[in-house]
Amino acid sequence: MNNNSKVLALKYRPQVFDDLIGQEVVAETITNSIKADKIPNAYLFTGIRGIGKTTTARIVAKGLNCSKGIENLCKKDLCENCKSIADASHIDVLEMDAASKTGVDDVRDLIEFSRYGPTSAKYKIFIIDEVHMLSKQAFNALLKTLEEPPAYLKFIFATTEIKKIPITVVSRCQRFDLSRIKSTELFEFIKKIKDKENGNVSDEALKLIVKISEGSVRDALSLLDRGLLSLEQNTELDLNAAQKIFGYFDKSQLINLFELILKGEEKKVINIYRKIYDQGVEPKVFINDFLEILYYYKNINSLSLESTNFSLNDEEFSKIKEISNQVNSEILILFWQFAVSSLEELDIVSNQHLSIEMFLIRLMHLSSIKLKQDTKKEQTSHNIDDRIQKKKKENEFDDNSRVINQIKNVAQEEKHKPDVKQEVEAIDKNLINSFEDLLDICTQKKEIKLKYELEKNVNLVKFERNRIEISFNDNLDKDFVKDLSSKLFEWTSERWIITFSKSKGEMSIKEKQKNRKDKLINEVKSSETYQMVMEKFPDAELIDVKLNGKEEDKND
């Protein structure tokens, strides 16, 4: 076959270790083992499609059988062995596709054939592609030969499904995990191929090819081949043309679409989506690209332009970063959940195009509701900030008064310096004047278990200075009274009497909170806003209601 008539993936298939890209560690390890004459009984290459598993297997076979040796491995002027291996016609190097020969009888024939030594080469080599397709019985038949083969026999396995291979087989092989090719490395590689083929392709189009290929060299070369054949001579394959050929669309359209969704401009959003759909983009592809953009919006501050694998250009990266700082993370997470559920929905509906339009409309209504809630939160936070600032000023005034008094009485303090412990105790004595104060001090002192018992299992009957009367439920901890008494003495330096009453007492704090929550939920369910939400999202469920600061104060 004329070399120019071959597809690019075959025409530029690596022939020696130096031609491999992205697998330098694997190549160096294998080369060193052959040089040191420490060759394993079996090699096992695993990784995604199109990164060089079978190609590496052939190069290893050449390295073992080349007439010139591993250090002078044939590259241009091929020896008889290397030429036959490259053409898959060598009598001592047998390539077998396990997908078509999966049975135990096929493996028995292989073992029978292995009893005879090599005819014209140093080693007899069996290359088994997609080895995970062999049956369980076939693997078992291979085990003994694999563990103790004749000195002249070597196995080379290739697979994309390493987990499907029995561990007993994997343990008898020297395993090599071929890594996915880095985007920058793959870009430089196909750019060189484009120059050799005199192809007129823009860098942006090449970057799109790299993105679509997902680290597979074969996929990248196949896409490049398709792109070069799709255009007339002297016509450049630019980004727009590549997007049409490969069924992808401009990411900037999706970024603009997202911005308009947040603004709630329904007509513009639908129009942009229809333009994208008219370009031939499938609804599932659209949703997957939308999810990708959501990921960038959520994590853009922890990413660099290079780490996006050419999915974004400089302008798009900057725009996403600018918009992401104005969007609440909760909205992005909700959008993600809706997008994933819509992706599942596409398999059910007959008209996927209409389903996507409804998905975008739902997102607009969802973002508008969330933004209204966020506005209320901001107002609440402003109120809280004002109260904090006011409290700080009062404290500063009190502190200044104390400082002045201390300056006036320096001499007296030096003469009558009080015991620090007594001073602390005097302050702490006045901390607990109510049941609420007791809960607060538990929070401050990080007595979480004690606070839990007080809120959940205790019903207050009466609270007085140094005396607490309570009733309780069956879940109250048996050491509660002892723990509470010791802590009260520690905090106030005074003995407290805790008594149990037959009276039912007040509801527990948790019961009060639950009743208040149920009341608020019922009030909200009768509101117009709730009715509007349920009309838009009939499957929605109201779980909780949060009030702003002023309303909480009123309820209290």
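The values are calculated or read from the model by the stated rules, or taken from the named source; none is laboratory data. What you see is a predicted model; the values in this text were computed from it and never measured. Every residue, glycine as well, gets a Cβ built from its backbone with ideal geometry; the counts of neighbours run over all protein chains shown.
Per-residue answers, yes or no, for (1) within 27 Å of VAL545 (Cβ to Cβ); (2) within 39 Å of the chain's Cα centre (by Cα):
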residue	(1), (2)
ASN459	yes, no
SER471	no, no
LEU476	no, no
GLU490	no, no
SER503	no, no
ILE509	yes, no
ASN522	yes, yes
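Looking only at region 127-141, decide whether some residue is touching a Cys at 6+ places or on another chain (Cβ under 7 Å), in a helix (DSSP H, G or I) and not aliphatic (A, V, I, L, M).
No, there is no match, as no residue in region 127-141 is touching a Cys at 6+ places or on another chain (Cβ under 7 Å), in a helix (DSSP H, G or I) and not aliphatic (A, V, I, L, M).
Return yes when SER302 is within 30 Å of ILE21 (Cβ to Cβ) and more than 21 Å from the chain's Cα centre (by Cα) and no when it is not.
Answer is no for this residue.
Regarding LYS211, is this residue free of Cβ contacts under 8 Å to residues at least 24 places away in the same chain, part of a helix (DSSP H, G or I) and closer than 30 Å to LEU366 by Cβ?
The answer is no for LYS211.
Quick one: would you say PRO149 is surrounded by 14 or more Cβ atoms within 10 Å (Cβ to Cβ), touching a strand residue (DSSP E or B) at 6+ places or on another chain (Cβ under 6 Å) and assigned to a loop (DSSP other than H, G, I, E, B)?
Values: surrounded by 14 or more Cβ atoms within 10 Å (Cβ to Cβ): yes; touching a strand residue (DSSP E or B) at 6+ places or on another chain (Cβ under 6 Å): no; assigned to a loop (DSSP other than H, G, I, E, B): yes.
So PRO149 does not fit the description; no.
Inspect all residues belonging to region 489-507 and state whether any of them is outside the structural domain of ILE543 (by TED's automatic domain parsing), under 30 Å from LEU542 (Cβ atoms), in contact (Cβ under 8 Å) with a residue 60 or more places away in the chain and of a type in the set (A, V, I, L, M, F, W, C).
Scanning region 489-507 turns up no residue that is outside the structural domain of ILE543 (by TED's automatic domain parsing), under 30 Å from LEU542 (Cβ atoms), in contact (Cβ under 8 Å) with a residue 60 or more places away in the chain and of a type in the set (A, V, I, L, M, F, W, C).
Could you list, in sequence order, the residues of region 17-39 that are more than 18 Å from GLU185 (Cβ to Cβ), out of contact with any Gly (no Cβ under 8 Å at 6 or more places or on another chain) and of a type outside the set (S, T, N, Q)?
Our first condition is that a residue be more than 18 Å from GLU185 (Cβ to Cβ); within region 17-39, this holds for 29-39.
Applying the additional criterion that residues be out of contact with any Gly (no Cβ under 8 Å at 6 or more places or on another chain) yields 29, 32-33, 35-39.
Of everything in region 17-39, those that are more than 18 Å from GLU185 (Cβ to Cβ), out of contact with any Gly (no Cβ under 8 Å at 6 or more places or on another chain) and of a type outside the set (S, T, N, Q) turn out to be LYS35, ALA36, ASP37, LYS38, ILE39.
Quick test of your reading of the structure: ALA36 fulfils all but one of (1) closer than 16 Å to GLY69 by Cβ; (2) within 32 Å of the chain's Cα centre (by Cα). Name the failing condition by number.
(2)
Return the total of residues in region 73-92 being surrounded by 19 or more Cβ atoms within 10 Å (Cβ to Cβ) and either touching a Lys or Arg at 6+ places or on another chain (Cβ under 8 Å) or not assigned by TED's automatic domain parsing to the domain that holds ALA158 (or both).
Final tally of qualifying residues: 6.
Quick check on my filter: what residues within region 232-249 are touching a strand residue (DSSP E or B) at 6+ places or on another chain (Cβ under 9 Å) and among the acidic types (Asp, Glu)?
GLU236, ASP238
Which one is nearest to ASP97 (Cα to Cα), of the residues in region 145-190 that are touching a helix residue (DSSP H, G or I) at 6+ places or on another chain (Cβ under 6 Å) and among the charged types (D, E, K, R)?
Per the criteria, the residue is GLU161.
Would you tally the residues in region 363-390 being modelled with pLDDT of 85 or more and loosely packed, with under 15 Cβ neighbours inside 10 Å?
0
Against the definition (small (Gly, Ala, Ser) and either at positive phi or at pLDDT 80 or above (or both)), how does GLY505 come out, yes or no?
Taking the combined requirement at face value, the residue satisfies it.
Considering only region 109-126, state which residues are in a loop (DSSP other than H, G, I, E, B) and among the basic types (Lys, Arg).
Step one: list which residues in region 109-126 are in a loop (DSSP other than H, G, I, E, B), which gives 115-123.
Correct list: ARG115, LYS122.
Working carefully through the options PRO14, PRO40, find the one that is closer than 21 Å to PRO149 by Cα and surrounded by fewer than 21 Cβ atoms within 10 Å (Cβ to Cβ).
PRO40
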